[in-house]
Amino acid sequence: MRQRIYIDTSVIGGYFDEEFEVVTRQLFDRIKNKDFEIYFSEVNETELSLAPPHVQDLKSLIPIDCYKYLELNAEAKKLAETYVNEKALGQSSMNDAFHIALASVNRLDCLVSWNFKHIVNFDKIKLFNSINLKLGYPLIDIRTPLEFLKHED
């Protein structure tokens, strides 16, 4: 069974970012090999609409039978608003809250991000998870693409 991972927009941008491109491209090699079910959302689409066409087109590397689209429903919006109201994130980081809420509400295996300030941050992950547990959602596993590299023994 393939892992079900949500990739936020920073991972798409990382493909063309000098600091993150090697690891991000290795993750996309695994994606192209159908190692995962990839979850994408209307939040990603909105953020990508501002990006250059070559960045927007990167989504086409995800095999169609591994691509899952999530709409931002009322349940995810409410959970995202709770992250902001509980001060896990600021109001200006609402899209980040939406990404985390979508992965949580849909009980995905992992959210993958390069956003160290608002998402892949130990203290914030503890806050997201305490809110999730309080509201009956599972713990959210948040990782960078680095943790999806395959290492040969």
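What is the extension gain from Lys32 to Lys77, computed as 0.36 nm multiplied by their sequence separation minus the C-alpha to C-alpha distance, in nm to one decimal?
That works out to 13.1 nm of additional length.
How many nm separate the modelled label positions at Glu21 and Leu50, each set 7 Å beyond the Cα in the direction of the Cβ?
Once both label points are built, they end up 2.3 nm from each other.
Give the cross-link partners of Lys124 among the aspartates and glutamates, using a straight C-alpha distance below 17 Å as the criterion and excluding same-chain residues fewer than 8 apart.
Result set, ordered by chain and number: Asp8, Glu81, Glu86, Asp96, Asp141.
Give the relative contact order (percent, whole number) for the range 26-145; include only Cα pairs under 8 Å separated by 6+ residues.
It rounds to 22 percent for the range 26-145.
Under a Cβ-only charge scheme (Lys and Arg +1, Asp and Glu -1), can you give me the dipole magnitude of the chain about the Cα centre, in debye to the nearest 20? Let's see the in-between values first.
Values: 18 positive and 24 negative charges, 98 e Å.
The dipole of the chain has a size of about 480 debye.
With unit charges on the beta carbon (Lys/Arg positive, Asp/Glu negative), name the residue among Leu48, Ala103, Val120 whose Cα is farthest towards the positive pole of the charge dipole of the chain.
Ala103
Would you mind putting 55-65, 137-147 in packing order, based on average other-beta-carbon counts within 10 Å, highest first?
Details: 55-65: 13.1, 137-147: 17.6.
Going by the mean number of other Cβ atoms within 10 Å, highest first, we get 137-147, 55-65.
If amide hydrogens are placed 1.01 Å from N in the peptide plane, which non-local residues have theirs closer than 5 Å to the one on Ile142?
Here the answer is Leu111, since their amide H atoms fall under 5 Å of that of Ile142.
Suppose R0 equals 30 Å. What FRET efficiency, 1/(1 + (r/R0)^6) with r the Cβ-Cβ distance, do Glu42 and Leu139 give to the nearest 0.05?
That gives a FRET efficiency of 0.75.
Taking +1 at the Cβ of each Lys and Arg and -1 at the Cβ of each Asp and Glu, which of Phe148, Ala76, Ser93 sits farthest along the dipole of the range 3-148 towards its positive end, judged by Cα position relative to the Cα centre?
Ranked along the dipole, the leading option is Ala76.
Looking at the P(r) of the range 3-148, how many percent of alpha-carbon pairs lie beyond 20 Å? Could the numbers behind the result be given before it?
Values: 4529 of 10585 pairs.
That fraction is 43 percent.
Sort out for me the Cα centre separation of the range 1-66 from the range 112-135, rounded to whole Å.
After rounding, the separation between the Cα centres reads 20 Å.
We did not get these values from a lab; they are worked out from the coordinates using the rules stated. Since the structure is predicted, the reported quantities are computational estimates derived from the model, not experimental observations. Neighbour counts are summed over all protein chains in view; Cβ atoms, including those assigned to glycine, are modelled from backbone coordinates with ideal geometry.
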